[in-house]
Amino acid sequence: MGHKFRVVDDRQALPYSQLPDDYRTRAYLLPLTSESSHTARHCISDLLLLWRLPDLVEPAALITAELVSNAVRHAIGWSDEALPVRLLAIYAARTLRIEVRDPDARNLPVLRVPEELATFGYGMQLVHGYADRYGVRVTDAGKAVWCEIDRRSDAPFSRSDLTTERGGSHG
């Protein structure tokens with residue numbers, strides 16, 4: 001089964017002379033379908049292997065699938081279902097940033113403790129568990145939910161310095 005997506009950007013934002021040595025970026029447009037979270041998981045996994053970041057594959061794939069699934073669930077009700085979900089991956093300064101954009105600015109993610117035996121509501125718990133920073137911002141076209149995973153040689157997934165920003169100035 002082929003995955004449907006379209007790559008829309010790869011290191012085209014700035015001239016190479018202005019970029020850090022480890023700067024990499026990729027953006028995907030995904031349709032508003034239930035299969036998009038599965039596709040996004042494969043896109044990010046393949047991308048991180050291409051970028052030679054195998055230690056980030058598992059947490060990034062889990063987070064990406066969850067964020068895309070939430071985006072599709074909330075954006076699917078929009079009248080124009082042709083509006084895609086945008087998945088952005090940026091790696092620079094030993095930090096991976098994953099950002100998922102969708103057209104729904106009303107349903108913002110909330111960190112909560114799901115009811116016992118609940119079948120949903122664990123998404124932001126998962127992001128909180130794997131990401132070093134995360135947040136959401138309302139945009140002109142909807143919202144952008146983002147998270148960052150620091151890749152430090154001493155403790156790549158340490159949470160001792162976890163900070164959370166919601167709607168802050170980080171872009």
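Rule-based calculations on the coordinates, nothing more; no lab input. Fair warning: this is a prediction, and the values are worked out from it, not measured in the lab. Glycine gets a Cβ as well: all are built from the backbone with ideal geometry, and neighbour counts include every protein chain shown.
Placing pseudo-labels 7 Å out from each Cα toward the beta carbon at Ala92 and Gln125 gives an inter-label distance of 3.5 nm. Sorted ascending by nearby beta carbons within 10 Å, beginning with the fewest, Glu99, Glu35, Glu66 become Glu35, Glu99, Glu66.
Only counting other Cβ atoms within 10 Å, I'd like Leu50, Leu30 sorted with the fewest neighbours first. Could you put the intermediate results ahead of the total?
On the way: Leu50 10, Leu30 24.
Arranged by neighbour count, lowest to highest, Leu50, Leu30 become Leu50, Leu30.
What shape does the range 22-109 have by the C-alpha gyration tensor, where a ≥ b ≥ c are the square roots of the eigenvalues, rounded means a/c under 1.5, and otherwise prolate means a/b greater than b/c and oblate the rest? Since a/c reaches 1.5 and a/b is larger than b/c, the shape of the range 22-109 is classed as prolate. Taking amide hydrogens as placed 1.01 Å from N in the peptide plane, the amide H of Trp51 sits under 5 Å from that of no residue at least 5 positions away in sequence or on another chain. The label-point distance for Glu35 and Ala105, in a model that sets each label 7 Å from Cα toward Cβ, rounds to 3.2 nm. Between Tyr23 and Val113, the modelled label-to-label distance comes to 4.4 nm, taking each label 7 Å out from Cα in the direction of the beta carbon. Highest-first packing order for the peptide set 134-141, 36-43 is 36-43, 134-141, based on the mean count of other beta carbon atoms within 10 Å.
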